[in-house]
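Here is the structure we will look at, set down as structure tokens.
A short reminder: the numbers here are calculations on the coordinates, not readings from a lab. Note that the structure is a prediction, hence the values are computed from the model and not measured. All Cβ positions, even for glycine, are placed from backbone atoms using ideal geometry, and neighbour counts span all protein chains on display.
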Number of protein chains: 2
Amino acid sequence: MYLTQGLHRTVQQTPDLPATIFGDRTRTWADSARRVARFAGALRALGVGSGDRVGILANNSDIYHEYMLAVPWADAVLTPANTRWSAAEIAFSLQDSDTRVLLVDDAFVPMLPRLHAEAPVLRTVIYIGDGSAPDGALDLEELIAGHDPIPDARRGGDSLAGVYYTGGTTGKPKGVMLSHLNLLTSALGATASGTFMVPGGRLLHAAPMFHLADGAAWVARTSVGGTHVIVPGFTPAGVADAIERHRVTDVLLVPTMVQMLVDSPDTADSDLSSLCNLIYGASPISEALLERAGKRMPTAAFTQAYGMTELSPVATLLSPGDHGVAGLRRSAGRAAPHAEVRIVDDEDREVPNGTVGEIVCRGSHVMLGYWNRPEETEAALRGGWMHTGDGGYLDDDGYLFVVDRIKDMIVSGGENVYSVEVENALGKHPSVASCAVIGVPDEDWGERVHAVVVLTGDTSPTAEDLRAHVKEHIAGYKAPRTVEFVDSLPLSGAGKILKRDLRARYWGEGARNVH
Amino acid sequence: MYLTQGLHRTVQQTPDLPATIFGDRTRTWADSARRVARFAGALRALGVGSGDRVGILANNSDIYHEYMLAVPWADAVLTPANTRWSAAEIAFSLQDSDTRVLLVDDAFVPMLPRLHAEAPVLRTVIYIGDGSAPDGALDLEELIAGHDPIPDARRGGDSLAGVYYTGGTTGKPKGVMLSHLNLLTSALGATASGTFMVPGGRLLHAAPMFHLADGAAWVARTSVGGTHVIVPGFTPAGVADAIERHRVTDVLLVPTMVQMLVDSPDTADSDLSSLCNLIYGASPISEALLERAGKRMPTAAFTQAYGMTELSPVATLLSPGDHGVAGLRRSAGRAAPHAEVRIVDDEDREVPNGTVGEIVCRGSHVMLGYWNRPEETEAALRGGWMHTGDGGYLDDDGYLFVVDRIKDMIVSGGENVYSVEVENALGKHPSVASCAVIGVPDEDWGERVHAVVVLTGDTSPTAEDLRAHVKEHIAGYKAPRTVEFVDSLPLSGAGKILKRDLRARYWGEGARNVH
């Protein structure tokens, strides 16, 4: 299996069908193939060799789709940058993955000087915006026009397809290495479940394409054919308008986006009746929201996907039918057709149904490993199973309930925030003596980043002062939305902060059902 | 991916759902798993090691299902024998694949002495019939009762899953080596097309389970969950009765079976309204039959699958919707979501649409190679593409039309017959001077094995004499149904028999559309 396989198939079967619709620009699959083969030729001419990494730092566009195909066509490896990260984090991921060629759109041109300064490995910048290329950057359209097509390398199977950076428990981003087989296994397996992609339909990309939730939907849609409808980013009106105008059949959203789409006054008059499948994941959805969403989009079958980048990303699916059963709506669903899921204790022994343990997963969708991190790879994949770091239990019908994150991670508005990253940034403020960062329930964001802070007493910074300080170091969405000042933190006998006690004030004493 | 993955998933999700229904015997998925783990323990105790081959020579049954799971569970490799072959052919395949352990049911016990004589490698026979084990054979039920369960080896990925024997152009059967990844890629890809397996439904096994057409449907159904309804072999009444009694949703048949099911007076009163998907393949279906079948089974969506054992086996699918277009009903459909298909000339260059060439295929479903035949493997897989030996062309929408078999093969009633095998057997008769064997159109069988024979003139054997002679050497279904005696065969300047000229009398001058 190889990512470009779907391109060959769609060109053979539906050459004149739109491959991408982006604003007023529509390109057919035949157009796509012609551009991709020349784009790949340009990459080769720029010195990109077999297995070299090629990055992209851009909002969603039809170029993103072409990038996903041209890079493997040229026998190279994808490194899509997280657009919500700070320049320091992005530079780290570029430098860490030895990414020498980077595509950049207008939104991220201003970040270039800092990236060059902090990621000296970066050599070639390809501009994919609407204006003129900035100094020192090459223009993609000129590259495509100026290079001959090359034959597809058909890079595939177990070879590296992409390095996807995620936040890490150590506070530094980690590159997740995924093979072509990994990505296509998850995509075909999820599609085989029957409620993922309408054959020949139209998929809307509203969630960021750098993220594998949307990326996996792109792989699935490209595999079964059809059309990608792309908006630069999520806005309620933009999404509702795109669904109506282009008769979108499938969409992937995080619950925060579902909420905004359903509740925004800007979308009240839009016709959403073309929707067949709405896939959501990455964070919990409330019963009340599910009910409002079902009323607003009655033609859409709701499927929840649970997984993580390391699983390419799908592990379990909650089917549309399951949503009709009250007790199952808090579940993350059951193992997808390509995945095996089980719950284990601290010594990797399987535990009985109903017992909480760590969720582990096995199958051809499990990552190759972490880029240049053999020890973390070995720990995560020990015994042949991917250890998710999430706590959960299975019921007697195989439904997974995620109850806690062993990895101390917060999922806010669909984005993962590792507490340790925020704590590290907070700790750099001279007035912070100690702190703990936890997720607390939030109506809009599912979870909210919340900091509990002990001050040194020398000065009295406000919550806003601390937020501003954190944003200098890490992405804005990771900064605490709320800050609580306390005299001391609850500590264990060994001096470890008892986050469980802090969380209990917000979540109650029982297990925390986040899905 | 691994074959036992589906077993773990179904036990987790639907432990009490019937896994198999065979006659009056129903076993749940939990039963299946318990028996499989002990069955595997018995194989291990019998000395079956990692990668060893374990064969089965039996009609369809629920034991066949358990065999498909217990062998990989024990880290071993499947070698299902073709029940329609002669003892000599089966013995050859056992000896060639070094299969030392063989499961045998009542129907094939009488063949054992000859198998032992011609396949001395055969060491252990496991009896799976309803009576008492014959002398020297072990009883499966005693083995299962007498051995503890062992943990699943989870043999998978690129490791060998099975060796499937097919007739060969050289006249000797060849073992097709398929990996777990091969088998699961085809199954998940075909299922992702959306018209292959009703989620949670009931699949009827009426075609022989040794054959990968049915074997692949077994993999797909096991992957998405549901129930296997199994009959020992195809009879119109047996199939109609099983569909009605067990509310079967999916069935795989060859067109000859479709014809018998539809036209038999024994099935006229049966309720077939539970059928959702009817998958057919392996030989052509006529417009008239398709129409009769559609009337008799109005709830069933018809999908045609084209492929071969070497492709695990699915390459293309003709969707139910395509069947509504008159010009497409003679097509074999379009590349499935997991496959890339193209047409090439003698030098492996891609040819334009509409031009006949050899059908080649690429993807993770392409076999590992032929068992112990590196040269034939290299020839078949040259350039990374499986060369099918079938001639065909693509239209501008990617529909494949199979027009000729480059490999000189006849498909009769769903079985492949290589002309050279029949010619070799005929040539051993002392009165046959020369002969040519071709496929000719046949109302019941799609194609019929037809021999054109030049006699030496010493004696005058009848057609029936020659048929009886052939059956001494090869399987009965390969014997010519009709024989034509001629004074001479048309020869090329180089002295090669011009089969094209012989075929033209039956098929007309134009290209032969067999699908």
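Relative contact order of chain A: what whole-number percent is it, with Cα pairs under 8 angstrom and at least 6 residues apart?
Here the relative contact order equals 12 percent.
With θ taken as phi - 60° and the coefficients 6.51, -1.76 and 1.60, list the Karplus ³J(HN,Hα) couplings across the stretch B:116-121 in order, rounded to whole Hz; mark glycine and proline as x.
4, 5, 9, 10, x, 5
At 7 Å along the Cα-to-beta-carbon direction for both B:Ala88 and A:Glu141, put a label point, then send me their distance in nm to one decimal.
7.3 nm
Just going by the charge dipole of the protein assembly as shown, with Lys and Arg at +1 and Asp and Glu at -1 on Cβ, which of A:Phe92, A:Ala335, A:Ile410 is farthest out on the positive end?
A:Phe92
In debye, nearest 20, what is the charge dipole magnitude of chain A about its Cα centre with +1 on Lys and Arg Cβ and -1 on Asp and Glu Cβ, if you could check? Walk me through the intermediate numbers first.
Numbers: 45 positive and 64 negative charges, 125 e Å.
My answer is approximately 600 debye.
Might you report the magnitude of the Cβ-based charge dipole of the protein assembly as shown about its Cα centre, with Lys and Arg at +1 and Asp and Glu at -1, to the nearest 20 debye?
Rounded to the nearest 20 debye, it is 280 debye.
Using the 7 Å Cα-to-Cβ label point, sort the distances from A:Leu498 to its equivalents in the other copies shortest first and give them in nm to one decimal.
For A:Leu498, the inter-copy label distances come out at 9.7 nm.
About the Cα centre of the stretch B:113-230, how large is the charge dipole given +1 on each Lys and Arg Cβ and -1 on each Asp and Glu Cβ? Please answer in debye to the nearest 20.
Result for the stretch B:113-230 is approximately 560 debye, rounded to the nearest 20.
By counting other Cβ atoms within 10 Å of each Cβ, how are A:Thr191, A:Thr388, A:Thr166 ranked from fewest to most?
Final ranking by Cβ density, sparse to dense: A:Thr166, A:Thr388, A:Thr191.
Determine ³J(HN,Hα), in whole Hz, for all residues of the stretch B:230-236 in sequence, where each value follows from phi through the Karplus function 6.51 cos²θ - 1.76 cosθ + 1.60 and θ = phi - 60°; x replaces Gly and Pro.
Rounded to whole hertz, the list is 10, 10, x, x, 7, 9, x.
Just for the stretch A:225-319, what percent of DSSP beta bridges are antiparallel, to the closest 5?
Numbers: 4 of 13 bridges.
That works out to approximately 30 percent antiparallel.
What aspartates and glutamates does B:Lys478 reach when the alpha-carbon gap must be under 13 Å and sequence neighbours fewer than 8 apart in one chain are set aside?
B:Lys478 reaches B:Glu89, B:Glu415, B:Glu421, B:Glu423, B:Glu447.
Pick out, in residue order, every one of the GluC sites (Glu not before Pro) in the stretch B:54-128 that is DSSP loop and has at most 15 other C-beta atoms within 10 Å; say none if there are none.
Answer by residue number: there is no such site.
Through the Karplus equation 6.51 cos²θ - 1.76 cosθ + 1.60, θ set to phi - 60°, convert the phi angles of the stretch A:63-70 into ³J(HN,Hα) values in whole Hz; use x for Gly and Pro.
5, 4, 4, 5, 4, 4, 9, 5
Given a cut-off of under 8 Å on Cα pairs at least six residues apart, what relative contact order in percent is computed for the stretch A:409-507?
Value for the stretch A:409-507: 27 percent.
Within 10 Å of each residue's Cβ, count the other Cβ atoms and sort A:Trp445, A:Trp73 from fewest upward.
Ordered by Cβ neighbours within 10 Å, fewest first: A:Trp445, A:Trp73.
Express as a percent, rounded to the nearest 5, the fraction of DSSP beta bridges in the protein assembly as shown (both residues included) that run antiparallel.
The antiparallel fraction comes to roughly 55 percent.
What residues qualify as long-range amide H neighbours of A:Thr20, i.e. H under 5 Å apart, gap of 5 or more or another chain, H built at 1.01 Å from N?
A:Arg27, A:His228
If you put a point 7 Å past Cα along the Cβ direction, how far is that point for A:Pro110 from the same point in each other copy, in nm, smallest first?
8.8
Along Cα→Cβ at 7 Å, what distances in nm separate the B:Gly324 label point from those on the other copies, shortest first?
2.5
Once you've got the Cα coordinates, tell me which of A:Lys174/A:Lys499; A:Lys428/A:Lys499; A:Lys295/A:Lys471; B:Lys471/B:Lys499; B:Lys172/B:Lys295 are over 31 Å apart.
Working: A:Lys174/A:Lys499 24 Å; A:Lys428/A:Lys499 20 Å; A:Lys295/A:Lys471 39 Å; B:Lys471/B:Lys499 23 Å; B:Lys172/B:Lys295 42 Å.
Violating the 31 Å limit, Cα to Cα: A:Lys295/A:Lys471; B:Lys172/B:Lys295.
Sort A:Met308, A:Met409 by Cβ crowding within 10 Å, fewest neighbours at the top. The partial results should precede the final answer.
Working: A:Met308 25, A:Met409 21.
Least crowded to most crowded, the residues run A:Met409, A:Met308.
Choose one of A:Pro18, B:Phe234, A:Pro134: the residue whose Cα lies farthest towards the positive end of the charge dipole of the protein assembly as shown (beta-carbon charges +1 Lys, Arg; -1 Asp, Glu; about the Cα centre).
About the Cα centre, the residue reaching furthest to the positive side is A:Pro134.
At 7 Å along Cα-to-Cβ for each site, give me the label-to-label distance between B:Glu244 and A:Ala268 in nm.
For B:Glu244 paired with A:Ala268, the spin-label model returns 5.9 nm.
Suppose R0 equals 56 Å. What FRET efficiency, 1/(1 + (r/R0)^6) with r the Cβ-Cβ distance, do A:Glu291 and A:Thr124 give to the nearest 0.05?
Working: r = 51 Å, r/R0 = 0.90.
Working from the Cβ atoms, E equals 0.65.
Cut-off 15 Å, label point 7 angstrom out along Cα-to-Cβ of A:Glu378: give me the residues of the stretch B:146-168 whose amide nitrogen falls inside.
none
Out of B:Trp73, B:Val344, B:Val432, whose Cα points farthest toward the positive end of the dipole of chain B (charges: +1 Lys, Arg; -1 Asp, Glu; placed on Cβ)?
Value: B:Trp73.
How much mean residue ellipticity at 222 nm does the protein assembly as shown get from its helices, if each DSSP H run of length 4 or more adds -39500 (n - 2.57) and you divide by all residues, to the nearest 500 deg cm²/dmol? Mind dumping the intermediate values first?
On the way: 30 runs with 304 residues, N = 1030.
So the calculated ellipticity at 222 nm is -8500 deg cm²/dmol.
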